Every structure is written in C-alpha cells, then in structure tokens.
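Worksheet: the structure to be examined is printed underneath.
The values are calculated or read from the model by the stated rules, or taken from the named source; none is laboratory data. Fair warning: this is a prediction, and the values are worked out from it, not measured in the lab. Don't worry about glycine lacking a Cβ; one is built from the backbone with ideal geometry, like all the others, and counts go over all protein chains shown.
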Amino acid sequence: MAGRAPRRQATVRAVRRGESTRFAVVAARFNERITKRLVDGAVHAFAAAGVRASDIEVHWVPGSFELPQAASHLARSGRYRAIACVGVVIRGQTPHFEHVAREAAMGIREVALATGVPVTFGVITALSEEQAWDRAGGDVGNRGEEAAEAAVEMAEFVIRVHRG
C-alpha cells in the first residue's frame, strides 16, 4: 500500500560566507500536467523550509531519462546546496517504463554519490495516470514536496558533517 513519506521538518540554516543557499528543481516535461504539480509541491516545500524564492531555480528537461544529466551539470556548477529531481513515468504496454524508471533512479543516485551534492528522487513511477495524480498532490501526497524536503534535510546533513 502506498503512503506518504515520513516527515521531519528541516529548515535552511545560516551558511558560511561563500556557501550557496540556492536549491534547484529539475523537472521532466513528459507528463507535464502532472509534473507541474510536483514542481509546485517542491517549490512550496523549499519556501516552507525558509528558502527565499530568488534562491529556488526550476529547470525543465524533455523527460525523466534526462533528469540525471541535467542534475549532474547543475551539481558540478557548485551553485546549489541540493537538487530535487521530479518527473512522472507511467507504465504503458511495452517494457520502456522499466528502462526509463530504472535509469532515472540509478542516474540520480550516481550524481549524488559522484558530486557530493544531495540530489533527491521525486519521480513518480505509476501503473496508471490515476495513480500518478494521487502522488502529485492527491490522496498519497506530493512526491515533489517530499523530494524537496529530503533535499533540504540532506543539505543540512552535509553541512553538519563537514563542519564537525
């Protein structure tokens, strides 16, 4: 049974001079109407954590398969404390769904591990459009909001670890 992710309200703390306070959302245009709700949820969560609107950037890419490449470029720029990736992959009649979902997840993980910048997974993988809407602000929460909350929490974790 699907459910909401556990919540821990993280807030953006003061940073040292020269550290970035910016956060990014990378969004897949495929299934754009649903993804827009994920973007809205992510932006809302960043704002609720104390991130100024001017410190939140949204970058659109063609689909979920392209999320890791875009996140990699953003992470390597050194301009962001964390990046939330959002998109929607809905199962069709071919195995394409499995390939896109797997590669998006693996690629997002790899970017985070390779760069040290927190990159979070807010990609809905659903069996139907109805399930996707439920996870984009419906009965089962908003995966974009959850990805942004995780991004803030992980950004704070990284700062704590490096400051000792």
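Restricting attention to region 128-143, the residues that are outside any helix (DSSP H, G or I), modelled with pLDDT of 95 or more and farther than 30 Å from Val161 by Cβ total 3. Look at (1) more than 26 Å from Thr21 (Cα to Cα); (2) within 12 Å of the chain's Cα centre (by Cα); (3) assigned to a helix (DSSP H, G or I) and you find that Ala148 fails only one, number (1). For Phe30, are the conditions met, namely being over 20 Å from Ala150 (Cα atoms), in a loop (DSSP other than H, G, I, E, B) and hydrophobic (A, V, I, L, M, F, W, C)? Criteria met by Phe30. Filtered by the rule that a residue be at pLDDT 95 or above and among the basic types (Lys, Arg), region 16-45 gives Arg22, Arg29, Arg33, Lys36, Arg37.
Filtered by the rule that a residue be surrounded by 15 or more Cβ atoms within 10 Å (Cβ to Cβ) and assigned to a helix (DSSP H, G or I), region 49-74 gives Asp55, Ser64, Phe65, Glu66, Leu67, Pro68, Ala70, Ala71, Ser72, Leu74.
Right, Ala82: over 12 Å from the mean Cα position of the chain (by Cα), within 20 Å of Glu146 (Cα to Cα) and modelled with pLDDT of 95 or more or not? Taking the combined requirement at face value, the residue does not satisfy it. On the stretch given as region 105-130, residues that are of a type outside the set (D, E, K, R) and touching a residue at least 60 places away in the same chain (Cβ under 8 Å) total 3. Among the residues making up region 75-99, those that are surrounded by fewer than 24 Cβ atoms within 10 Å (Cβ to Cβ), of a type outside the set (Gly, Ala, Ser) and free of Cβ contacts under 8 Å to residues at least 60 places away in the same chain are Arg76, Arg79, Ile90, Arg91, Gln93, Thr94, Pro95, His96, Phe97, Glu98, His99.
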